[in-house]
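**Q** Let me begin by handing over the structure; questions about it come next.
Please treat every number below as a calculation from the coordinates, not as lab data. In this text the structure is predicted, and so the values were computed from the model without any measurement. Here Cβ is always computed from backbone atoms with ideal geometry, including for glycine, and neighbour counts include all displayed protein chains.
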Amino acid sequence: MTETTGARRPGRLGVGIVGAGRVGAVLGNALRAVGHSVVGVSAISEASRERAEAMLPGVPVLDVRDVVERSELVLLTVPDDALATLVAGLADLGAWQPGQIVLHTSGRYGTEVLAPARAQGAIPVAVHPAMTFTGTSLDLGRLEGTTFAVTAPGPVQPIGLALVVEIGGEPVVIEEEDRGLYHAALAHGANHLVVLVAQAAQALQVAGIADPGRALAPLLHAALDGALRAADGVGDPVQTLTGPVVRGDAGTVQTHLTELAALATHRDASDTVDSYRSLSRAATVRALAAGRIKDAQAQSLLDVLNAPAKEN
């Protein structure tokens, strides 16, 4: 392991990156920019090698075991499903070292997945950035103010918090048992938002809108901004909801279902009507709970939404 002078202080860690994917390359660059030394990176695919060269110029590309053995701070930025096997395999090789910080960036896991490394004296930390990465320098500015979920044993939790603050992030502590729910919330919000935009854009194209993104932008930006402001204000984002559900307009919802069902017959878009049904049901339930609609209006909406597809 690389020697350091005195106690480990910001700017004095030798960082090794296992997995030069989008996250690893960007975080390595960010840590390097605040004074840490990136001592090695593993990169198997041609794309990851090119990314390492672009984002971490001059850093040697090494085998995984060599990266780990050279590092005081090991960043494991591999896919979730590969993480446990990787950690256990390196433990079997005796690669983990006492006092070495082992940090993974999976949203799904806390530090239990790092137990084999911890058993050999390594310090386990889980740090997950709540943002989407491109793997380019464009991401560096976006790290500023990004929320990072930090999970670590109490005595070493400050290590994770400090590393996040160093690169401009906003750390929040997530308990081990809450990690799965935290990650599900992010995936549900971000990934399904992308699907919704794709579905809406496809329908607009069929309706004759040449630039669906441009048409959607003002509406979606306003809706998202309003909902996020309400969420941050410990309010109910449903209060910002507009459209036929909160008007109790079952007739309009029926028309939407008919049109979207027709779209599915000549485009690969059967998922759109299914999404519309599911999310409209959820909107109905939440609008009723928030007092936006009456019981009778909710029932009319649900009758339309729950009717068999052939009846729409």
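**Q** Note down the magnitude of the dipole of the stretch 14-174 about its Cα centre, charges +1 on Lys and Arg C-beta and -1 on Asp and Glu C-beta and zero elsewhere, to the nearest 20 debye.
**A** 100
**Q** Let me ask something else about it. Only Cα pairs within less than 10 Å get springs; with that Gaussian network setup on the chain, which residue of Ala231, Ala264, Ala30 has the largest fluctuation?
**A** In this elastic network of the chain, the residue with the biggest mean-square fluctuation among Ala231, Ala264, Ala30 is Ala231.
**Q** Using the 10 angstrom Cβ neighbour count as an exposure proxy, how do His221, His128, His104, His256 rank, fewest first?
**A** His221, His256, His128, His104
**Q** Using modelled amide H (1.01 Å from N, peptide plane; none on Pro or chain starts), what sits under 5 Å from the amide H of Val102, excluding residues fewer than 5 places away?
**A** Val74, Ile123, Val125
**Q** Would you please give the residues with an amide H less than 5 Å from that of Thr147, counting only those at least 5 places away or on a separate chain, with H modeled from the backbone geometry?
**A** Under 5 Å from the amide H of Thr147 lie the amide H atoms of Ala130, Glu170, each far enough along the sequence or on another chain.
**Q** May I have the extent of the alpha carbons of the stretch 181-311 along their three principal axes, as whole Å values ordered from largest to smallest?
**A** Taking max minus min along each principal axis of the Cα atoms, the stretch 181-311 gives 43, 35, 28 Å.
**Q** Just the number, please: percent antiparallel of the DSSP beta bridges in the chain, rounded to the nearest 5.
**A** 15
**Q** Turning to a different aspect of this structure: Given contacts defined as C-alpha pairs under 8 Å and at least six residues apart, what's the relative contact order of the stretch 11-157, whole-number percent?
**A** Here the relative contact order equals 22 percent.
**Q** Still on this structure: Between the DSSP loop rule and a limit of at most 14 other Cβ atoms within 10 Å, which GluC sites (Glu not before Pro) in the stretch 108-171 are left?
**A** Here the GluC sites (Glu not before Pro) that fit, given the DSSP loop and packing criteria, are Glu144.
**Q** Need one number for the stretch 14-174: average projected area of the convex hull over its C-alpha atoms, nm².
**A** Answer in nm², one decimal: 8.0.
**Q** Roughly what % of DSSP beta bridges within the stretch 47-162 run antiparallel, to the nearest 5?
**A** Taking every DSSP beta bridge with both residues in the stretch 47-162, the antiparallel ones total about 35 percent.
**Q** With the contact rule set at Cα under 8 Å and sequence spacing of 6 or more, what percent relative contact order holds for the chain?
**A** Relative contact order for the chain comes out at 11 percent.
**Q** Would you mind ranking Arg22, Arg142 so that the residue whose beta carbon has the fewest other beta carbons within 10 Å leads the list?
**A** So the ranking, lowest neighbour count to highest, is Arg142, Arg22.
**Q** FRET efficiency for Asp295 and Ala184, Cβ-Cβ distance as r, R0 = 22 Å, nearest 0.05?
**A** 0.10
**Q** Could I ask something else about it? How big is the equivalent ellipsoid of the chain along its three axes, where each semi-axis is √(5λ) from the Cα gyration tensor, reported in whole Å from largest to smallest?
**A** One finds semi-axes of 46, 21, 18 Å for the chain.
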